[in-house]
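The values are calculated or read from the model by the stated rules, or taken from the named source; none is laboratory data. It should be emphasised that the depicted structure is a prediction, and the values quoted were computed from it without experimental measurement. Every residue, glycine as well, gets a Cβ built from its backbone with ideal geometry; the counts of neighbours run over all protein chains shown.
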Amino acid sequence: MVFNKLKKALMGSGDVAGDEYIEIDLNQEKKDKKVLIRLFSLKQYEEVNDILNALREGYTIAVIDIKTLRQKDSIELKRSVAKIKKTVDAIGGNIAGFGENTVIVTPPFAKIHKEAERIPREGMPANKFM
């Protein structure tokens, strides 16, 4: 109905009364802008694309289990992490490893706190830090 009126109005072949108009609600398609924390298990290099697509959406924090790929093929793991890091740098996000088997990736609005190693002062016991 609405499209027929538009078509007639644009083509100039229809009777469209001056009182009639079409109202379009621009806020009709609101996206849910909640942060989504998704768990991924990286078992092969090809699974990186699923992770990257989720990160490009902008509202996903990815927690990636890399244990399987690390045990299977360390070269593929390095390739995968390098590709993820490139995308994270491009979108302005953060990436950090936790332990040997987990990588966390965040969008630009979130930051991963990376605590710097503390260096003991000379002359102090190793368990006393600055």
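Pick from region 64-97 the residues that are under 20 Å from Leu39 (Cα atoms) and among the hydroxyl-bearing types (Ser, Thr, Tyr): which of them is surrounded by the most Cβ atoms within 10 Å (Cβ to Cβ)?
Ser80
List every residue pair whose Cβ atoms sit under 8 Å apart, with the two residues 6 or more apart in sequence or on different chains, where the first one lies in region 45-65 and is closer than 18 Å to Asn101 by Cα and part of a strand (DSSP E or B) and the second, anywhere, is of a type in the set (D, E, K, R) and at pLDDT below 95.
Listed by first residue and then by second, the contacts come to Ile61/Arg38; Ala62/Arg38; Val63/Arg38.
Quick check on my filter: what residues within region 94-110 are in contact (Cβ under 8 Å) with a residue 12 or more places away in the chain, assigned to a loop (DSSP other than H, G, I, E, B) and hydrophobic (A, V, I, L, M, F, W, C)?
The one that is in contact (Cβ under 8 Å) with a residue 12 or more places away in the chain, assigned to a loop (DSSP other than H, G, I, E, B) and hydrophobic (A, V, I, L, M, F, W, C): Ala110.
Which residue pairs have Cβ atoms under 8 Å apart, sit 6 or more places apart or on different chains, and have a first residue in region 80-93 that is free of Cβ contacts under 8 Å to residues at least 40 places away in the same chain and under 13 Å from Ile51 (Cα atoms) and a second that is part of a helix (DSSP H, G or I) and polar (S, T, N, Q)?
As it stands, the answer is none, since no pair meets every condition given.
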